[in-house]
Amino acid sequence: MEAATAPEVASGSTLKGKETSPADAEGPPASPRQEAGSPILQLLSPVEEHPKILLPRALRQTYIRKVGDTVNLLIPFQGKPKPRATWTHDGCALDASRVSVRNGERDSILFIREAQRADSGRYQLSVRLGELEATASFDILVIERPGPPQSIKLVDVWGSSATLEWTPPQDTGNAALLGYTVQKADTKSGLWFTVLEHYHRTSFTVSDLIVGNSYTFRVFAENQCGLSETAPITAELAHIQKAVLIRKMEGFAQRDFSEAPKFTQPLADCTTVTGYDTQLFCCVRASPKPKIIWLKNKVDIQGNPKYRALTHLGICSLEIRKPGPFDGGIYTCKAVNPLGEASVDCRVDVKGKGRTHTLSPQLENPGAQPQPAWRRPWMASPSGALATGHRHPQDVSEEPILLSSVLFLSNTIL
């Protein structure tokens, strides 16, 4: 009898036999070392469920872990009776010193305590049940930080910009590079600032540097695991110097502002009252600054405490403090400098205050008894004389009294 083929077993056949002789069939079962030509009928366990691997969705793409991480993968499968599960790494058997495998009734577990880059590769799980077999494979990638770029150098410095060049790192960390990160630091503060991130080229021009500072630069490599632990630094400093501007001054004739004194606003004549302060003003223009001299009736009054002279921005003023009758006259302002002199005059008149006249006692008190004419003091003059028929000449000149008023008052009293 011929043995059942694999398709027949898969379709539900549970018997698999070989050609045997009748004598062997009555005897005890043949040993494993029995000759192949001895005919005997062997019974096999029935296949209730075909083998099948249920690969998790996370393993349908590359499974990435960092160096030092733990790898613990559980792969469920089907098959009844219990199939035999085997693992391979890149077509070879697993290293039992690094990788542990536990096979259960319905799953198989792959365990790596501390993953290393050597653990990267294609792993394959095979589940065999008799002549039936199911396989599943997936990729594991163990990565780490890349190495630093090499031979960074400062190519050129001009204006407020500097050009850098570098070479890629020798070790990319078992992963593709995502770019480079460029940083700068000035020698004054020593602090590093990021200029550019995720840059893919190996040359870059740093711009907008501060004039007068000196800079150093460094470049990090970056992959999926992060930035490189170290970064090379430029050996030379980038000195950002101030631009030298040469300006040619055109010759021109210096203007001479020297000028002899000239009064732009003269003194004005004024009249004042005795006891009230008075000020005189005028304006003068001259270069160099002139000396101002005040005169009264052609007599210098500089240093006299009764007068106060001020000069500010070409405005000249003279204050006459509480003028009296003798302070009237001709006042002169004179300006003198090395180029010449000039003067202006004005007249100041001082008037006396008016006098107050008092009434007679009869007008103040009408009920009083009349007195004889020779005893009636009609009005007292400031000089002390009575205002009767005879008056002091000064009183007449200073305080004239109308005759009609005197006669009217006399007739009223009599």
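The values are calculated or read from the model by the stated rules, or taken from the named source; none is laboratory data. Bear in mind the structure is a predicted one, so any value in this text is a computation, not a measurement. Cβ coordinates were reconstructed from backbone atoms using ideal geometry, including for glycine residues, and neighbour counts include every protein chain displayed.
Results for (1) touching a strand residue (DSSP E or B) at 6+ places or on another chain (Cβ under 7 Å); (2) touching a residue at least 24 places away in the same chain (Cβ under 8 Å); (3) farther than 21 Å from V348 by Cα, shown as yes or no for each residue.
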{"residue": "T272", "(1), (2), (3)": "yes, yes, no"}
{"residue": "P288", "(1), (2), (3)": "yes, yes, yes"}
{"residue": "K291", "(1), (2), (3)": "yes, yes, yes"}
{"residue": "A309", "(1), (2), (3)": "yes, no, no"}
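Test Q183 against the stated conditions and say whether it is farther than 23 Å from S97 by Cα and touching a Lys or Arg at 6+ places or on another chain (Cβ under 7 Å). Taking the combined requirement at face value, the residue satisfies it. Candidates T194, T230: the one that is touching a strand residue (DSSP E or B) at 6+ places or on another chain (Cβ under 7 Å), over 15 Å from A162 (Cβ atoms), among the β-branched types (V, I, T) and surrounded by fewer than 16 Cβ atoms within 10 Å (Cβ to Cβ) is T194.
If you scan region 259-292, which residues turn out to be within 60 Å of the chain's Cα centre (by Cα), among the β-branched types (V, I, T) and either surrounded by 12 or more Cβ atoms within 10 Å (Cβ to Cβ) or not assigned by TED's automatic domain parsing to the domain that holds A335 (or both)? Residues satisfying the conditions are V284, I292. Taking each residue of region 106-125 that is in a loop (DSSP other than H, G, I, E, B) and looking for partners that are acidic (D, E) with beta-carbon atoms closer than 9 Å, six or more apart or interchain, yields E114/D69; A115/D69; S120/D139.
Counting residues in region 124-145 that are under 30 Å from D171 (Cα atoms) and among the basic types (K, R) gives one or more. Scanning region 268-295 for residues that are among the β-branched types (V, I, T) and part of a strand (DSSP E or B) turns up T271, T272, V273, T278, V284, I292, I293. Filtering E259, E236 for residues that are closer than 30 Å to G212 by Cα, in contact (Cβ under 8 Å) with a residue 60 or more places away in the chain and of a type in the set (D, E) leaves a single hit, E236. Flag: K248 does not match the condition of being more than 30 Å from I64 (Cα to Cα) and part of a strand (DSSP E or B). Among the strands (runs of 3 or more DSSP E) confined to region 149-211, the ones with at least 1 residues that are aromatic (F, W, Y) and within 30 Å of D119 (Cα to Cα) are located at 177-186. Hey, among the residues in region 58-93 that are over 60 Å from the mean Cα position of the chain (by Cα) and part of a loop (DSSP other than H, G, I, E, B), which one's farthest from L141 (Cα to Cα)? Looking at residues that are over 60 Å from the mean Cα position of the chain (by Cα) and part of a loop (DSSP other than H, G, I, E, B), I get P81. Within region 94-109, the set of residues being polar (S, T, N, Q) and farther than 16 Å from F138 by Cβ comprises S97, S100, N103.
Scanning region 195-205 for residues that are over 22 Å from G159 (Cβ atoms) and of a type in the set (S, T, N, Q) yields a count of 1.
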